[in-house]
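Coordinate-derived values only; no laboratory data. The shown structure was predicted, so the numbers you read here are calculated from the model rather than taken from an experiment. Don't worry about glycine lacking a Cβ; one is built from the backbone with ideal geometry, like all the others, and counts go over all protein chains shown.
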Amino acid sequence: MNTELISRFLLTNIQSVFAENIIGPEGHKLIWVVGLIIFLMLLFIISGKSKPKVTGRKNYNIPFLRRKKIKLILKKDRLYYPDFLELTIINTGNTDVDIDNPLLIFSNNWISRKFRLKGINSYNFYPLFLGKGQQHTLNIDLNRFYSHDKSLKRFPKTKIVIYEVHGPKLGSGKVMLRKTLLNF
C-alpha cells in the first residue's frame, strides 16, 4: 500500500512538472493580423495591378473601376442543321470597347476548325468601335463555310469568341448545330 501511495504521489507530481502553460497570442494581435491580411487582399483586388494576363497577345492589366464587358447573344434559324447564325454583341460595360474580328470555331470532340470573320459581302468592318450601351448584329451564313469544307457539316458545336483589339478575351458563346449523344 505504501508503494502504491508513493507511486501515485510521484505520478501526480511528475505530471504537474511536465505540464506547461502554453500562452497563445493575445486577442488584439490576432485581430490586427487578420485585418492586415484583409487589407492586403482588398488592395490587391482594387488596384488591378496583378500579374499581366497573357492570351497569346500583348500583355495588359485590368483596372478595377473601368470595366470592359460585353453581352454576346448567338441565335440560330433552325433547331438542327441551321443555315444562318445571328451574332449580337452588346456593350454592357462602363467604357468603350474596340472589338477585333470574331473567331468562329467549329468543334468536334477532338478536332476544331477556326475561322476569322471579317465582314459581310467583302465589306470589312472590323475592328469595330462600340460605345457604352451600343450593340452590333452580324448574320453569319454557314453554307459559305460548308462549301469551303464539306466535313464541317458533321461538327456538332459552333463557338464564337470575341477579343478586344489589343487586349483580353471579352466573351464567347456557343450553339449546338445538331444532336449528339453527349452534349457538352
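For a 19 Å ceiling on Cα separation, which of these pairs sit above it: LYS114/LYS179; LYS75/LYS159; LYS69/LYS157? Spell out each step's value before the answer.
Working: LYS114/LYS179 21 Å; LYS75/LYS159 11 Å; LYS69/LYS157 24 Å.
With Cα atoms farther than 19 Å apart: LYS114/LYS179; LYS69/LYS157.
Between beta-carbons, use under 11 Å as the cut-off and find the net charge around SER147, counting Lys and Arg +1, Asp and Glu -1. List each step's numbers first, then the result.
Details: positive: ARG144, LYS150, LYS153; negative: ASP141, ASP149.
With Lys, Arg at +1 and Asp, Glu at -1, the net is +1.
Over the Cα atoms of the stretch 70-176, each weighted equally, I'd like the Debye log10 I(q)/I(0) at q = 0.22 Å⁻¹, rounded to two decimals.
-1.25
Using r as the Cβ-Cβ distance of LEU103 and ILE38, and R0 as 35 Å, what FRET efficiency do you calculate, to the nearest 0.05? The partial results should precede the final answer.
Working: r = 40 Å, r/R0 = 1.13.
For R0 = 35 Å, the calculated efficiency reads 0.30.
What list of ³J(HN,Hα) couplings, whole Hz, do you get for the stretch 164-177 from phi and the Karplus terms 6.51, -1.76, 1.60, once you set θ to phi - 60° and write x for glycine and proline?
Running phi through 6.51 cos²θ - 1.76 cosθ + 1.60 with θ = phi - 60° gives 7, 4, 10, x, x, 6, 8, x, 8, x, 10, 8, 8, 8 Hz.
By how many nm would the segment from ARG144 to ILE31 grow when fully extended, if each residue of separation counts as 0.36 nm and the alpha-carbon distance is taken off?
Length gained, ARG144 through ILE31: 34.2 nm.
Collect residues whose amide H, placed 1.01 Å from N in the peptide plane, falls under 5 Å from the amide H of GLN134; neighbours closer than 5 in sequence don't count.
Under 5 Å from the amide H of GLN134 lie the amide H atoms of ASN91, each far enough along the sequence or on another chain.
Can you run phi through the Karplus equation (6.51, -1.76, 1.60; θ = phi - 60°) for the stretch 110-125 and list ³J(HN,Hα) in whole Hz, with x for Gly and Pro?
Each residue of the stretch 110-125 in turn: 10, 10, 9, 10, 10, 9, 8, 8, 9, x, 10, 6, 6, 10, 8, 10 Hz.
Starting from the 7 Å offset along Cα-to-Cβ, what nm value, one decimal, do you get for the label separation of ASN94 and SER47?
Calculated label separation equals 2.1 nm.
With θ set to phi - 60° and the Karplus curve 6.51 cos²θ - 1.76 cosθ + 1.60, what are the ³J(HN,Hα) couplings of the stretch 134-150 in order, to the nearest whole Hz, using x for Gly and Pro?
7, 9, 9, 10, 10, 8, 10, 8, 6, 5, 5, 6, 5, 6, 6, 9, 5
Given a Förster distance of 35 Å, report the FRET efficiency between LEU181 and LEU117 from their Cβ-Cβ distance, rounded to the nearest 0.05. If you can, show how the numbers build up before the last one.
On the way: r = 30 Å, r/R0 = 0.85.
Efficiency at R0 = 35 Å is approximately 0.75.
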